[in-house]
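Colleague: Handing you a structure now.
The values are calculated or read from the model by the stated rules, or taken from the named source; none is laboratory data. Being a predicted model, the structure only gives us computed values, none of them experimental. Neighbour counts run over all protein chains shown; Cβ positions are idealised from the backbone, glycine included.
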Amino acid sequence: MIWIQLAVLILLILVGARMKGVGLGVMGAVGLLIFSLGFGLKPTTPPIDVMLIILSVVTAAAALQAAGGMDYMVSIAEKILRKNPNHITWLGPLVTYTFTLVAGTAHIIYSLLPIIAEVATKKRVRPERPLSISVIAAHMAITASPISAATVALTALLAPKGYELTHILIVAIPATIIGVLAGALVANRQGKDLMKDPEFLERLKDPEFVKLLDGDPADQKAEKIFSTESKRSVYVFLLAVFSVVVFAAMPALRPSFLTDGKMQAMRMVEMIELLMLAAAAAIVFVSKIPATKVSQSSIFRSGGEAVVCIFGVAWMSDTYLQAHMPFFETHLSAFVTEHPWTFAIALFVMSILLFSQAATVRALMPLGIALGIPAPALIAMFPAVNGDFVIPSYPTLVAAMGFDRTGTTRIGRFLVNHSFMPSGLTTVTVTIAVGFLIAAIVL
């Protein structure tokens, strides 16, 4: 029966992933109905903490977008990239990594990808190189951002074990940066140099194609002027992100309350929620935008979809895992405890199916905890949830391919041999290896 239920779970995940949007969430709910009504499994508690954290962070990021702060941040990145075109394969991923790290979402890079593609093309650098690793870098930064849905989900799960947000960040940030640099090294050697690519040289014979590549100098846009209010919104958001890190690093700064006869500091779950919602309120005030504009932003819509997806698919997965935990503990515990790195493979494969780092964390990390895998090992393996690039249908990958006017960033004949695979596999592998090394030293 356990295998039939597993087949149902995987089938519904695949169907939900193909539906996109809230598909994972609603199909997760369908699966839970099947488990409870058809198989008699008792539903577990839904992941309320994770959902509320995501909603609060998304609200703050949406307020930043509505106030024009996101555009202001992108304009800064554009200046950096255009001033250093020769190093676009290195600067591109570092910029997308930094912006995702701060914003907590990879969706911010949609405005950066066309800039990276344009700078590379005009310098005759093969656009596939900076575009592929820039997308991978943004995805990796999700597992290093203090306010991303995936990171806060792992924080909530490891808190009972005595591990806080700072324990995750002290491993994840340096490990992912080193992994991204390794991926950039691979990407920098990917494919033929643009001016030695026979296909590209043939297309250069078309004057219209050349004009499309380089554009008309007369069409260069004037530098956009940003209001003081939009700049202030960025400062408020950055202060909120910094505050999250500070309160995580120094629990003594959090308010304490008498609980069961002893003083206990407020959990980081509540601190993140309060800080992010307060930041959203402050942004609305300093930027003088209508509060209704926040809920109309694309980030808020995407965040709402993420909440629904985690609600359904994590609830379904958790119900299945908890119902059969004795089986998993009996058959897997000894092996996985002795070889904890093998759990990273499970995380990677699950993330390919779920297309969501946060959903993967919430669906599978409880199993790792139950199997007795040490928290430092789980933190080291955390970046393994970045397998969403394997099937090249994730929006950031599709966007990167669309912005490459040379056609070098593409899907291969066998689907998985696409432009993002070499740098993606390298980055994830190196990050996990470095993560284990750092965790062994500092945790």
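Colleague: Under 9 Å between Cβ atoms, at least 6 apart or on separate chains: pull out the pairs that start in the range 254-279 with a residue that is more than 16 Å from Ala60 (Cβ to Cβ) and free of Cβ contacts under 8 Å to residues at least 60 places away in the same chain and end on any residue that is part of a helix (DSSP H, G or I) and polar (S, T, N, Q).
Modeller: Within 9 Å, no pair qualifies.
Colleague: Residue check: is Val286 among the hydrophobic types (A, V, I, L, M, F, W, C), under 24 Å from Thr105 (Cα atoms) and outside any loop (DSSP other than H, G, I, E, B)?
Modeller: Values: among the hydrophobic types (A, V, I, L, M, F, W, C): yes; under 24 Å from Thr105 (Cα atoms): yes; outside any loop (DSSP other than H, G, I, E, B): yes.
Judged against the criteria, Val286 is a match.
Colleague: Out of all the residues in the range 356-386, which are outside any helix (DSSP H, G or I) and surrounded by fewer than 24 Cβ atoms within 10 Å (Cβ to Cβ)? It would help to see each step written out before you state the result.
Modeller: Of the residues in the range 356-386, the ones outside any helix (DSSP H, G or I) are 356, 371-374, 386.
Of everything in the range 356-386, those that are outside any helix (DSSP H, G or I) and surrounded by fewer than 24 Cβ atoms within 10 Å (Cβ to Cβ) turn out to be Leu371, Gly372, Ile373, Pro374.
Colleague: Give the number of residues within the range 107-122 that are more than 27 Å from Leu55 (Cα to Cα), of a type outside the set (Gly, Ala, Ser) and touching a helix residue (DSSP H, G or I) at 6+ places or on another chain (Cβ under 7 Å).
Modeller: Of all residues in the range 107-122, those more than 27 Å from Leu55 (Cα to Cα) come to 114-122.
Still in the running and of a type outside the set (Gly, Ala, Ser): 114-116, 118-119, 121-122.
Going one step further and asking which of them are touching a helix residue (DSSP H, G or I) at 6+ places or on another chain (Cβ under 7 Å), we end up with 114-116, 119, 121-122.
Residues meeting the conditions: 6.
Colleague: Six or more apart or on different chains, Cβ under 9 Å: which pairs go from a residue in the range 148-177 that's on the phi > 0 side of the Ramachandran plot to one that's surrounded by fewer than 24 Cβ atoms within 10 Å (Cβ to Cβ) and part of a helix (DSSP H, G or I)? Could you list them?
Modeller: Final answer for the pair search is Gly162/Ala375.
Yes/no matrix, rows are residues, columns are (1) modelled with pLDDT of 90 or more; (2) of a type outside the set (A, V, I, L, M, F, W, C); (3) over 21 Å from Ser111 (Cα atoms):
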site: Pro127; (1), (2), (3): yes, yes, no
site: Ala137; (1), (2), (3): yes, no, no
site: Val152; (1), (2), (3): no, no, yes
site: His167; (1), (2), (3): yes, yes, yes
site: Thr176; (1), (2), (3): yes, yes, yes
site: Gly183; (1), (2), (3): yes, yes, yes
site: Glu199; (1), (2), (3): no, yes, yes
site: Ala218; (1), (2), (3): no, no, yes
site: Glu223; (1), (2), (3): no, yes, no
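Colleague: Return the pairs, sorted by first residue and then second, in which the second residue is modelled with pLDDT of 80 or more and among the aliphatic types (A, V, I, L, M), the first residue lies in the range 11-22 and is farther than 14 Å from Ser393 by Cβ and assigned to a loop (DSSP other than H, G, I, E, B), the beta carbons are less than 7 Å apart, and the residues are 6+ apart or on different chains.
Modeller: Note: pairs meeting the criteria are Val22/Val308.
Colleague: If you don't mind, there's one more thing I want to ask. How many of the residues making up the range 117-148 are part of a helix (DSSP H, G or I) and farther than 17 Å from Val245 by Cβ? Spell out how you get there, then give the answer.
Modeller: Initial filter on the range 117-148 (part of a helix (DSSP H, G or I)): 117-122, 128-142.
Imposing the further condition that a residue be farther than 17 Å from Val245 by Cβ reduces the set to 117-122, 128-140.
Of the residues in that region, 19 qualify.
Colleague: So, Val244, is that one modelled with pLDDT of 90 or more, surrounded by 12 or more Cβ atoms within 10 Å (Cβ to Cβ) and over 29 Å from Thr426 (Cβ atoms) or not? Let's see the steps before the verdict.
Modeller: Numbers: modelled with pLDDT of 90 or more: no; surrounded by 12 or more Cβ atoms within 10 Å (Cβ to Cβ): yes; over 29 Å from Thr426 (Cβ atoms): yes.
Criteria not met by Val244.
Colleague: In the range 107-143, which residue that is polar (S, T, N, Q) and buried (at least 24 other Cβ atoms within 10 Å of the Cβ) is nearest to the chain's Cα centre (by Cα)? Step through it out loud before you land on a result.
Modeller: Of all residues in the range 107-143, those polar (S, T, N, Q) come to 111, 121, 132, 134, 143.
Now narrow it down to the ones that are buried (at least 24 other Cβ atoms within 10 Å of the Cβ): 132, 134, 143.
Working: Ser132: 15, Ser134: 13, Thr143: 6 Å.
For the range 107-143, the residue satisfying everything is Thr143.
Colleague: Leu94 fails exactly one of the following numbered conditions: (1) surrounded by fewer than 24 Cβ atoms within 10 Å (Cβ to Cβ); (2) at pLDDT below 90. What is the number of that condition?
Modeller: Status for Leu94: all satisfied but (2).
Colleague: For Gly104, are the conditions met, namely being at positive phi, touching a helix residue (DSSP H, G or I) at 6+ places or on another chain (Cβ under 6 Å) and buried (at least 24 other Cβ atoms within 10 Å of the Cβ)?
Modeller: Values: at positive phi: yes; touching a helix residue (DSSP H, G or I) at 6+ places or on another chain (Cβ under 6 Å): yes; buried (at least 24 other Cβ atoms within 10 Å of the Cβ): yes.
Yes, satisfied.
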